[in-house]
Each structure stands twice: as structure tokens, then as C-alpha cells.
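Below: one structure, written as C-alpha cells.
Bear in mind that the values in this text are calculations on the coordinates, not laboratory data. A quick note: this is a predicted structure, and the numbers were derived from the prediction, not measured. With ideal geometry, Cβ positions are generated from the backbone for all residues, glycine too; neighbour counts draw on all protein chains shown.
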Amino acid sequence: MLLELPERRFQLDPELDHRLQEIYGPRVNIVLSAMQAMPSRYYFRINTLKTERDVVIQSMIADGLRAEPHKQLKDAGFLHPRPSKIETDGNIVEADRIAAEAVQLGAHLYAPGVKRCHGLRPGMKVTVVDETGTPVGSGVSHQSETSVLTYRQGVAVEIKISRTGLPSIMETPWYANGQIHLQSLPAILTSHVLGPKPGETIVDLNCAPGGKTSHICQITRNQARIIGFDRNKQKIRNAEELMNRMGCANYQLISHDSRYVHLDYNIKADRVLVDPPCTALGVIPKLAIETTMRNVENSADYQKQFLTAASRITKNGGTVVYSVCTISKEECEDVVGFAEKELGLELQEQTPFLAEAGFDPDHLTQRFNPDFHETGYFIARFIKN
């Protein structure tokens, strides 16, 4: 249950607004309002390669956090936020939309996300606001205005109080020791839907930042052959750091445009995960939506290229899972229709099933919707015939 439902909904690109109305009908205003609201749960994955779920949960509770295990997924837990009203006090630092959304979840404000910080000096009391002037967190500055805007690196503001009342989880020993990874519930679910098993060859075509790839290692107890691709070399390096922190083994991360993996690599996989870039309409709470219908259409075309590559490298009888953190039909059910008609992939039932059925004719996909699930996400599982 969302903690609060704003009365006003977003102003959207008119065509995108129309398409979402076609999907959701009279519920569209509630869906759009829910995208602005603070969720009642923030999820994380427990790394069972290094610890046990109950050990982490009890440690968090002892540290004063309201932590609980998820009932169905045995490697998932969540924190209850303690919403705080942030008063505008001290020096004002304006963050861009993405950074502001992270700050309200407890993350520190890093220099690349700062838009304005007039007169900032180290040690100042700071209120961080978004681009509309809404306070999202408060804390203490670590850098001067000159340092922040010139070098664009490091922590600009250490957040002491966030809008959600959550701490910066990445600064905790559970995170540093590789015992947990911050991940949404449907993202954790996706790896279980993939169903990886020891001894298999498994390919993640969009492996950065490494959350699902490391989860596949965890599920298979490091006993599968896992190959991950991302064309951005820095993202591959970051994913390597995550994999090492989580204690992963028997994997290979490759910097390559995986849309062409079937042309450039001789791989036959038992299972392939396709988790491509998307419009991220399902990531909430949002402070604004700048996405246009053209963005959605371009994203869907891009996603189809990754599914095409996946269909080429999957063994006959193998599994392909497609997931995106968005809610547009063009990036979800329409991409599934393309995979069935053009790529010889057949939709399968998937377990666990924690969301609503999607809008595909046989209702085999699952769709997380912001008004019911506090997030937006889509998962489809295929078999290659």
C-alpha cells in the first residue's frame, strides 16, 4: 500500500498520455498519481552465497531498521520507510531529477548530480531540493561550489535525513560485505523466473550493473557458466566490482554490443536473459516524467534487436526471459508479439507469479502496475522451438 497518493497527476507528453489511457482506462489517473507516491516497502536481495536471510534481517532490526523477509521469495527482504518532512534550512543545493530521486531514498548526493550550489563550502548544513524546489533530503556538504562544479566527482552532500527516512544502504556493512544488494522485487523475481541451474550456459545480454548476473551466480551456487555483455567498458568494470563483492565465480563479463552477439560469438545458451534499456516509467517515486511517445517507440525498436540476438544464441528448447522496468504496451506486450511472430519464440507460463497478468492474449506475462504493486515492471518467459 502506497504511503500517500498525490492528488495531482503528472503532466505527460499528450500522445503518451493517450496510450496509457488506452491501457489502463479509468484507472490511469490513479496509476499516474501512484508513480509520484512513496512506496511502503524498499526491497533488497540477500546474498545466500555469503549469509542467510534471517541473519541479515535480525541484524537490521537490531540496528533499528524496520526490516522484514518476503514471504514467497526466500532471498528477498524489504525495509519500511519512516517518512520525514524535510524543512528548507541552511544552504540550498539543487539536484537533477535522477540524483534527487536517489537522495530521497537515502543516497548521498554526488557531484555529477548537482545542478546548483551557490556559495557552498565544506561543512555547511545543506538542504537538497529537486528541480521544482521540493526538499528531498538534508545533510552536510563535503565540497565547495568550485570543487563540485569543476571536478564533478565524489560526494557533494552527505545525506543525514532523507524524505523516506531510510539510511544510505550502500554505506552499511551489509552492503560493503556483499551480504545484500539493493534490487526491486520484480528484478529479484526475474532471475527466479529465468530458472537457472548448475551446469548450464547462461547469457545475460544486458549485464550492467550486475544485479541480475550476480543473482544468477547465487541461484546456481557458482556452478553454471555465465556470460554477461554490455558495450560500456566502465559499466563492465562496475559490474565486475559488484560480482567480486558478492562472491561470484564462473562468470565472464564482456564489453560488446550484444545486439550482434550472434554474429560475433559462437555461443549456444541454455538460458538467455534480456533486460534491455527502457524508458523506466515503472521506477518510482518519480518527481517528473519527461518521456515522450517517440522515446517509447525508439526504445521498443532497440529492445527488439536484443531479443533477436537472444533467439539466435538460445538452444532449441532453451529459455529466454525478457524484462523491463516500464509500463508502456509498446515496450511490453508489443515486443512480446514481435518475438512470437518474427523470432520463433513461444510464451510460457512463469513461476513464481507475483503480479497481475499482462495484456497478452493468453495472460502468460506478468505486469507490475504502480497503483497495485508500488512499481512498474514487465516479465515474459519464452521457450525456443
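Quick notes on this one:
- Farthest positive-ward along the chain dipole, Cα basis, beta-carbon charges - from G25, G317, S147: S147
- With neighbours defined as other Cβ atoms within 10 Å of a residue's Cβ, the residues T88, T48 order from fewest to most as T88, T48.
- The chain - percent relative contact order, Cα under 8 Å, separation 6 or more: 15 percent
- Over all other residues within a Cβ to Cβ distance under 15 Å of P198, the charged ones net out to +2, with Lys and Arg as +1 and Asp and Glu as -1.
- Entries in K50/K71; K286/K341; K233/K384 that, when Cα-Cα distance is taken, lie over 27 Å: K286/K341; K233/K384
- Sorted peptide list for 264-272, 307-315, 187-195, criterion being average Cβ within 10 angstrom, highest first: 187-195, 307-315, 264-272
- Placing unit charges on the Cβ atoms only, positive for Lys and Arg and negative for Asp and Glu, gives the chain a dipole magnitude near 1020 debye about its Cα centre.
- Integer Hz, Karplus 6.51/-1.76/1.60 couplings in order for the range 344-354, x for Gly and Pro: x, 9, 10, 4, 10, 5, 10, 9, x, 10, 10
- Percent RCO, i.e. relative contact order, over the range 42-81, from Cα pairs under 8 Å lying at least 6 residues apart: 48 percent
- No disulfide-compatible partner, judged by a Cβ distance under 4.7 Å, exists for the following cysteines of the chain: C117, C207, C278, C325, C332.
- Fewest-first ranking of Y151, Y43, using other Cβ atoms within 10 Å as the exposure measure: Y151, Y43
- Going by neighbour counts of Cβ atoms within 10 Å, the residues C117, C248 line up, fewest first, as C248, C117.
- Seen from D130, the other residues with C-beta closer than 14 Å to its C-beta sum to a net charge of 0, counting Lys and Arg as +1 and Asp and Glu as -1.
- Positive-pole candidate from L347, S191, I216, dipole of the range 185-384, charges at beta carbon: I216
- Rounded if a/c under 1.5, otherwise prolate or oblate - the range 185-384, Cα gyration tensor axes: rounded
- Calculated over the range 12-63: convex hull of Cα atoms, volume per residue (Å³): 147 Å³
- Computed over neighbours whose Cβ is under 11 Å from that of L343, the net charge equals +1, Lys and Arg +1, Asp and Glu -1.
- Principal semi-axes in Å for the chain [√(5λ), Cα gyration tensor, largest first]: 34, 25, 21
- In the range 170-245, the trypsin sites (Lys or Arg not before Pro) that fall in loop regions by DSSP, at most 16 other Cβ within 10 Å: R221, R231
- Centroid-to-centroid, using Cα positions, the range 130-157 and the range 243-294 are 30 Å apart.
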